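Please read the structure below before turning to the comments.
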Amino acid sequence: MLDALTLDQLRVFVAIVDHGSFRAAARVLGRAQSGLSNAILNLETELRLPLFDRSQHRPELTKAGATLLAEARTLLIKADALRAKANGFNQGMESALRVALDPLLPLPDIARVVSDFTLSHPGVRVELVTAPMTMALNLVLDGDCDLGLTAAQETDAHIASEAVAVFPGMVPVSAREHPLAAAVQGSAGLTTVDLADHLQIVVADPSAEQQGVSYAVFSQQTLRVSDIATKHALILAAAGWGHLPLWLVRADLDEGRLCEVPLATRNGLPGPLLPFYAIRRIDRVRGPAMESLCNLLLAHFRGQRQATSALA
């Protein structure tokens, strides 16, 4: 029954659903609308059931179409992964790697890994793109970056994700001369009421889907910035308080430039560890250069864990 079913028909089917109409899907795919209509008619003939109700202004999925949509997506994902794996057998060393890098990750450690990689692969050009929050996922999904290094756990079916490590997470801090520094002395934990009048510096998620969204906001007054470095500088200047990664502020805390702000929500407990993932599209080949970089990352952070265990 399904011998004449093609991947192209399934791609057209999914594109029409994702973009809302035959016309929009044709524009995105760069094809004539009539060609898409014929592909769907052939698919419906092959399946012996209608996928769309065309009686309305926009095509609506039938009950059968809605049920088969998930299966179509799964088949396309598996086909893309198969193609990428097959291409990988014949691919030589990549000439360049574009990597989306989440600035929450421990940058000194990643810098050492990248330095080792460039020394061992002088013919591979590496470009690092700062990608806070969910931006790494979008850059990888859109094909703008070959690899993403991120603290955000991604569940997109088109993404292959590999856990690299965990590391100490975010710490709420203020400058020693900030009014909060005096308030925290002997405090069991500050509530949102205590923090309401103190300006909080936050980084807004720059991705298209999450434009303007911020996380872990406790104060009523906020100052939004687009990067961790600016946030760090503003907090050091006592412009406000906020959360910063421990690796970035450890020296500031040790040398007295910053102090930790105890939050009632933590109840005296340390903050959660942050994960570190390497992500790529499943239909993109993990070539020799990418394989080598990922292996260096795993080896570096595995070595750190072993050193920490030995000290313990």
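Here are a few things to note about the model shown:
- Filter pass, ARG302 being of a type in the set (Lys, Arg), modelled with pLDDT of 85 or more and either buried (at least 18 other Cβ atoms within 10 Å of the Cβ) or within 18 Å of the chain's Cα centre (by Cα) (or both): no
- Leading residue by the ranking (nearest to LEU180 (Cα to Cα)) among those in region 227-239 that are out of contact with any Pro (no Cβ under 6 Å at 6 or more places or on another chain) and touching a residue at least 60 places away in the same chain (Cβ under 8 Å): ALA238
- Some residue of region 194-209 being modelled with pLDDT of 85 or more, under 18 Å from ARG281 (Cβ atoms) and charged (D, E, K, R): no
- Count - residues of region 218-249 that are at pLDDT below 80 and in contact with a strand residue (DSSP E or B) (Cβ under 8 Å, 6 or more places away or on another chain): 2
- Hey, GLU260 surrounded by fewer than 17 Cβ atoms within 10 Å (Cβ to Cβ) and closer than 14 Å to MET170 by Cα or not: yes
- Condition check for ILE279 on (1) closer than 20 Å to LEU190 by Cβ; (2) crowded, with 20+ Cβ neighbours inside 10 Å; (3) among the β-branched types (Val, Ile, Thr): one failure, at (1).
- Across region 118-166, the number of residues qualifying as among the hydrophobic types (A, V, I, L, M, F, W, C) and within 13 Å of VAL99 (Cα to Cα) comes to 14.
The values are calculated or read from the model by the stated rules, or taken from the named source; none is laboratory data. Note that the structure is a prediction, hence the values are computed from the model and not measured. Reconstructed Cβ throughout: ideal geometry from the backbone, glycine too, with neighbour counts over all protein chains shown.
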